[in-house]
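Asker: Okay, handing you the structure first.
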Amino acid sequence: MMPRKIAILLSGRGSNFLAIHDAIARGDLNAGICCVVSNVPDAAGLAKARELGLNAVSLPSRGIERTGYDRLLLATLRPFSPTLVCLAGFMRILSPEFLREYAGRVMNIHPALLPSFPGLHAQRQALQYGVKVSGCTVHLVDEGVDTGPILLQRAVEVFEGDTEETLSARILKQEHDLYWRAIAMVLDRLDRNPSPAGDTAPR
Ligand code: GRF
């Protein structure tokens, strides 16, 4: 069996990171979090990781261009030898060099049903468009913005009178139940086929 080590990258609140941590603690997800890295030093999620006694690394990105930063990120992750890199509210695009090193092993969660509403403020975009159903998507990360192969999705109804806050909260609840399932799926796939480069999920 492949090692099941997850590196979490985050920039903020960290509720998706905590949901993954909880799924592991409950025994629903057979994996371990090897490190939590934040590009924002005072991110709440990073403080939480420290409190939990996890390897928590602050790697500020301010003022560093992408290629240079991603090399630092690669060097930071290497000693932990993660099997998967899970973005959980990590507000950066990853360089081709980074993605090459973790080909097929970088995942992200997005608060809309991709390919609808990629990028920032997905819930606001959905409300402004007037869709009646939105949701969340876990996907493999490629060089685009929220464009990689889709792993799992969950639909969430948009209610009359929803605000960005109420819709975001309803979607977030589903995010927390979806991300760990997608991680389990990818880890199981890696067990069956440990070198996934070029073997991406069907679109
Ligand atoms: C979530 O809505 C996630 O879908 C998006 O960023 C937000 C992160 O929230 N990528 P949290 O930091 O996990 O609470």
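The values are calculated or read from the model by the stated rules, or taken from the named source; none is laboratory data. All values derive from a computational prediction rather than experimental measurement. Using ideal geometry, Cβ is built from the backbone for each residue, glycine included, and neighbour counts are taken over all protein chains shown. Please note that ligands, DNA and RNA were not included when accessible areas were found on the heavy atoms of the full protein model with its side chains. Shrake-Rupley method; radii C 1.70, N 1.55, O 1.52, S 1.80 Å.
Asker: So Ser116 fits all but one of (1) touching a helix residue (DSSP H, G or I) at 6+ places or on another chain (Cβ under 8 Å); (2) open to solvent by 30 Å² or more (accessible area, probe 1.4 Å); (3) within 18 Å of Ala19 (Cα to Cα); (4) within 16 Å of the ligand (Cβ to nearest atom); what number is the exception?
Answerer: Result: Ser116 fails condition (3) only.
Asker: Out of the residues in region 33-45 that are over 13 Å from Ala88 (Cβ atoms) and open to solvent by 30 Å² or more (accessible area, probe 1.4 Å), state the one that is nearest to the ligand (Cβ to nearest atom).
Answerer: Asp42
Asker: Just to verify a result, which residue in region 1-28, among those that are assigned to a loop (DSSP other than H, G, I, E, B) and within 16 Å of the ligand (Cβ to nearest atom), is surrounded by the fewest Cβ atoms within 10 Å (Cβ to Cβ)?
Answerer: Once the filter is applied, the top-ranked residue is Arg13.
Asker: Any residue in region 154-172 that is open to solvent by 60 Å² or more (accessible area, probe 1.4 Å), farther than 21 Å from Leu29 by Cβ and modelled with pLDDT under 95?
Answerer: So far as region 154-172 goes, no, none of its residues is open to solvent by 60 Å² or more (accessible area, probe 1.4 Å), farther than 21 Å from Leu29 by Cβ and modelled with pLDDT under 95.
Asker: Just name the residue that is surrounded by the most Cβ atoms within 10 Å (Cβ to Cβ) out of those in region 76-109 that are within 13 Å of the ligand (Cβ to nearest atom) and farther than 16 Å from Val186 by Cβ.
Answerer: Ranking the candidates gives Phe90 first.
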